[in-house]
Amino acid sequence: MSNISVSNQSTNGKNKGIVPLGSHFPYIDDFFDKFTSNWPFTRPTFGNMESTELSLNPKVDIVEEDKSYKLSAELPGLDLDDIKLDLSDGVLTLSGEKKTEKEENKEGNYHMMERSYGYFKRSFSLPPSVEEDKIKADFKKGVLRVVMPKSEKAQQNQRKIPIKD
């Protein structure tokens with residue numbers, strides 16, 4: 001199991017990044033932004049960016065457990081050196097690049113090319129309950145796993161609310 005270091009970088013209060021594909025549908029984005037505004041992991045807003053700047057959009061799962069949040073990202077075909085994970089001003093940013101494979105002395109022409117290549121960048125606003133100094137990550141078999149522990153206070157404040165019918 002390899003460890004990926006999480007680096008803190010200050011952006012002087014400015015979130016920089018690229019908005020995911022499909023952001024050219026402002027009405028749909030506004031709907032989902034309003035709908036998900038109270039969820040713990042929200043998509044930061046980054047101003048007007050062209051969707052053509054992105055070639056990949058890795059699939060991500062985020063699970064909340066009693067003591068932590070866990071993020072899993074599918075990054076097939078990438079090596080550890082192709083991935084960057086940064087933390088700045090409460091925003092966790094996953095970025096990297098999948099380069100095309102070039103074979104020397106290859107004869108023939110492509111008839112179909114379905115695999116994606118290029119640069120990607122995904123950013124997530126962390127909930128205040130995450131202990132940023134204790135975030136850990138590992139990369140194995142093309143899957144990045146990030147564990148974001150909750151603070152003791154956040155864990156103690158969790159409780160079930162009974163629902164009556």
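We did not get these values from a lab; they are worked out from the coordinates using the rules stated. It should be emphasised that the depicted structure is a prediction, and the values quoted were computed from it without experimental measurement. Glycine also receives a Cβ, built like all others from the backbone with ideal geometry; neighbour counts cover every protein chain displayed.
Could the peptides 79-86, 57-64, 155-162 be put in order, highest first, of the mean number of other beta-carbon atoms found within 10 Å of their residues? Could you put the intermediate results ahead of the total?
Values: 79-86: 15.1, 57-64: 13.5, 155-162: 7.6.
Those peptides, ordered most packed to least, come out 79-86, 57-64, 155-162.
Can you tell me which of 131-137, 71-77, 143-149 comes out highest on packing, and rank the rest after it, using the mean Cβ neighbours within 10 Å? Let's see the in-between values first.
On the way: 131-137: 15.1, 71-77: 16.7, 143-149: 19.3.
Packing proxy ranking, top to bottom: 143-149, 71-77, 131-137.
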Distance from region 64-86 to region 141-163 (C-alpha centre basis), Å:
16
